[in-house]
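Following: one structure in structure tokens, then a few remarks.
Values quoted throughout were computed directly from the atomic coordinates according to the rules given, and no laboratory measurement underlies them. Note that the structure is a prediction, hence the values are computed from the model and not measured. All Cβ positions, even for glycine, are placed from backbone atoms using ideal geometry, and neighbour counts span all protein chains on display.
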Amino acid sequence: MLTCKLFNYMNILDNLNPAQREAVINTDGPSLVLAGAGSGKTRVLTYKVAYILKEGLAKSWEILAVTFTNKAAGEMRSRIEGLLGEDIGKMWVGTFHAIFARVLRQYGHHLGYNQNFAIYDREDQLKIVKELIKNEPGLGWLDNPQRALWIISSIKSKLRPPENIGGYQNYDPEFLFSAYEKRLKNSNALDFDDLLVKPLNLFQQNPEIAAIYQSRFRYILVDEFQDTNIAQNELLKLLWLKHRNITAVGDDDQAIYGWRGAELKNILQFARDYPGAKIFRLEQNYRSTDSILKAAQAVIDNNRGRHSKTLWTEKVGGNKPVLISADDDREEAAVIAKEILRLVETGRKRDQIAVFYRTNAQSRILEMFLLEEGIPYTIVGGLKFYQRKEIKDLLAYLKLIINPNDNVSFDRVVKFPPRGIGAATIAKLNETASAKNMQVLEAVDALDESSGLRQAAINRLKGFGSLIKRLTEYERQNSFPNLVKYTLTQSGLMEHFMAEGTEEAFSRAENLREFTAAAVDYYKRYPERNLIDFLQEAALVSDTDEWEEGELVSLMTLHSAKGLEFPVVFITGLEDGLFPLIRNDQPDIEEERRLFYVGVTRAEELLYISHTGFRRGGMYNTPSRFLKEIPKELLDTIERLQQRLSRASRKETKHDKIPAFDSAKFKRGDMVNHSKFGDGIVESCEGKGENETVTLFFRGYGMKKLLVKFAKLKLVK
Ligand code: ATP
Ligand code: MG
């Protein structure tokens, strides 16, 4: 029995390097593992839990392990179970929010919440704040619900009121805060910040409850510690007090949530908060090749005020990161989709490939080209473009314009953006419509006092009715991309999001602009098609759910990529203004740089970085300063890669002809010259005689499909 147990310890510790092993067996007291990306921090946490359990230092329910996402929690749990060969059902592994919601379910009644409390998301919160602004005289100074939420959240997560950011007269954050709190309390509801702040209150007001958890959690382990906020660290500082065993792992170079209230200070002052802390450093990176690490290092070296770290890897050599310089965002997406296709054809699995972008709006064009190439994809941690709320809002306007009978769309747009038309008014209107056997829009026209509605409500509805009429009129005389633009301004949608001024609202406004670009694009490509075709295409794009199973390429924002790893990574949009993202006067360039570092260090074997000369809207076009921070010799270019590949494929096809190319004048891999585009490489050929086309890749121009009969291509020997 004893030997068997011993054998297992050995097994666990064998899979660690000496520095990791040190960190794992140092179970007692506070410790911080401060180390670079891919050095095994998450692995150390996982192994440490297994080790503690194996050693019999604690029962599984006496351990608290905190992860950054629910998905990471699931993975950690199953890894630990894999290492131990047994179930750890009772162990608390989860995000801060999940763990403390659980505490509140049990003891929230001490704060006056019963255990069925609701958790309000942003939409619920907005509803409440809007009502408050309308009804509370003391909130006359406040005009913007999103900003109100920001103020409330800052008070909660930083545990102090923010300065007057809106420059409001009679600014009174405390009044706003208490009015909001009262409303939530009356609904037996908590918001996300409450899930952290209320347990703190609970513990502070009821030391005997704090004592229960303090004695219970013999060991506390926290991943991604660099992104904890003040409330989270306060909770940890309270819970560790009895047994004083806490292990935090993190990397100050990967702190990317400053904008959401995370405090890099937590990691920098760890030893002050947890006296006696030992600091462990890990230096071997197991994830990426040397070529990728060098590029990552070159970038992050430009940040000041960081802990210097050494990171090395045994995976020497490897392909250099590949730079894709595209003319515009369409070409960027096209090159990426083609390259993914090539990788898949040469044996890569789709789920080994990920594409990252800085802003959600960038996914639209990528999605389109992946669809066109028939490459199944999934959007990680987000919605597909056409499923996003603001896009659905806009789509609903367009749908209503072409189909006045569309009651679902009517209901959606009459309420949004808010124009003071409430549910009761709409219900009355619907009654009138069905009594008179009319479309709702016709009923709006016919409304009078007999409807039982107040004159103010009637006026608002009529105002809305004439908006839709105006849009319908416009549609008859203008192209549909212009209609999209006109709808955005006339409906007030764009203005609504622009006025909110929050990060989230900016992102929504950007998505709306991206939608406009999509319409223009579609119109240029298919001049003979109309709005109905376009809407149908949008509906189909969002209906690819059958792909949710099986091997998928992952698309996600750089923020969602944290902690993950993929053999092949594409990072897109490396343009100044977009990445680093610059939205206000004081962009946090160092945080943006850390975000780029996070992206680069997700890649195991192949990394592609792309930028474009022109992006719709023309906003971003100079290459990102981050690109310039990577020495040229560390990068390859897609053109060089393509040339090497085509040389290789030419050798292959000498003996082994691919029938598809037989009838063509050119073979895949041939180098040809074009009078305007210069030298290019043949990707594929199609058709015969008059219809013969050839798809070529030109340096600086990207992929072009040309008719051979017109293109005057010359073979270059
Ligand atoms: P990040 O900073 O990105 O969160 P990390 O420091 O948490 O990275 P891990 O994800 O734990 O790093 O490890 C990176 C990869 O290296 C994983 O695939 C992990 O399994 C592997 N790895 C870590 N340590 C070892 C080891 N000693 N032997 C073999 N593989 C290892
Ligand atoms: Mg990790």
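Structure data summary
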{"read-out": "Using alpha carbons only: equivalent-ellipsoid semi-axes of segment 429-482, gyration tensor based, whole Å", "value": "26, 13, 6"}
{"read-out": "Translational diffusion of segment 124-187, µm² s⁻¹ [Kirkwood Rh, Cα pairs; Stokes-Einstein; 20 °C; 1.002 mPa s]", "value": "184 µm²/s"}
{"read-out": "Largest to smallest principal axis extent of the C-alpha atoms in segment 443-546, angstrom", "value": "50, 37, 32"}
{"read-out": "Dipole in debye (nearest 20) - the chain, about Cα centre, beta carbon charges: Lys, Arg +1; Asp, Glu -1", "value": "940 debye"}
{"read-out": "Cβ-based net charge around LEU139, under 13 Å, with every Lys or Arg adding one and every Asp or Glu removing one", "value": "0"}
{"read-out": "Antiparallel DSSP beta bridges within the chain, percent to nearest 5", "value": "30 percent"}
{"read-out": "Dimensions (Å) - segment 663-715, Cα atoms, principal axes, largest first", "value": "28, 19, 17"}
{"read-out": "Globularity index of the chain, i.e. its alpha-carbon radius of gyration over 2.2 N^0.38 Å", "value": "1.09"}
{"read-out": "Separation of alpha-carbon centers, segment 370-405 and segment 32-94, rounded to whole Å", "value": "39 Å"}
{"read-out": "Dimensionless Rg over Rh [segment 113-245; C-alpha; Kirkwood]", "value": "1.03"}
{"read-out": "Normalised per residue, the volume of the convex hull around the Cα set of segment 387-525 (Å³)", "value": "106 Å³"}
{"read-out": "Charged-residue dipole, Cβ positions (Lys, Arg, Asp, Glu), segment 663-715 about Cα centre, Debye nearest 20", "value": "120 debye"}
{"read-out": "Exceeding the 22 Å Cα-Cα cut-off - candidates LYS688/LYS712; LYS71/LYS315; LYS676/LYS714; LYS237/LYS278; LYS676/LYS712", "value": "LYS71/LYS315"}
{"read-out": "Dipole axis of the chain (+1 Lys, Arg; -1 Asp, Glu on Cβ), positive-most option in ILE292, THR247, PHE614", "value": "ILE292"}
{"read-out": "Charge-dipole axis of segment 663-715 as Lys and Arg at +1 and Asp and Glu at -1 on Cβ define it, positive-most pick from PHE666, GLY687, PHE677", "value": "PHE677"}
{"read-out": "Cβ charges +1 (Lys, Arg) and -1 (Asp, Glu), total dipole of segment 124-187, debye", "value": "220 debye"}
{"read-out": "Among 168-174, 484-490, the order from most to least packed when residues are scored by Cβ within 10 Å on average", "value": "484-490, 168-174"}
{"read-out": "Positive-end residue, the chain charge dipole about Cα centroid, Cβ charges, pick of GLY318, GLY347, ASN26", "value": "GLY318"}
{"read-out": "DSSP H segments from the chain that extend 30 Å or more along their own axis, Cα-based, with Kyte-Doolittle mean of -1.0 or above", "value": "455-477, 503-525"}
{"read-out": "Compactness of segment 346-395 - radius of gyration and Dmax, Cα, Å", "value": "12.3, 42"}
{"read-out": "Net charge over other residues, Cβ less than 12 angstrom from the Cβ of LEU202 (K, R count +1; D, E count -1)", "value": "0"}
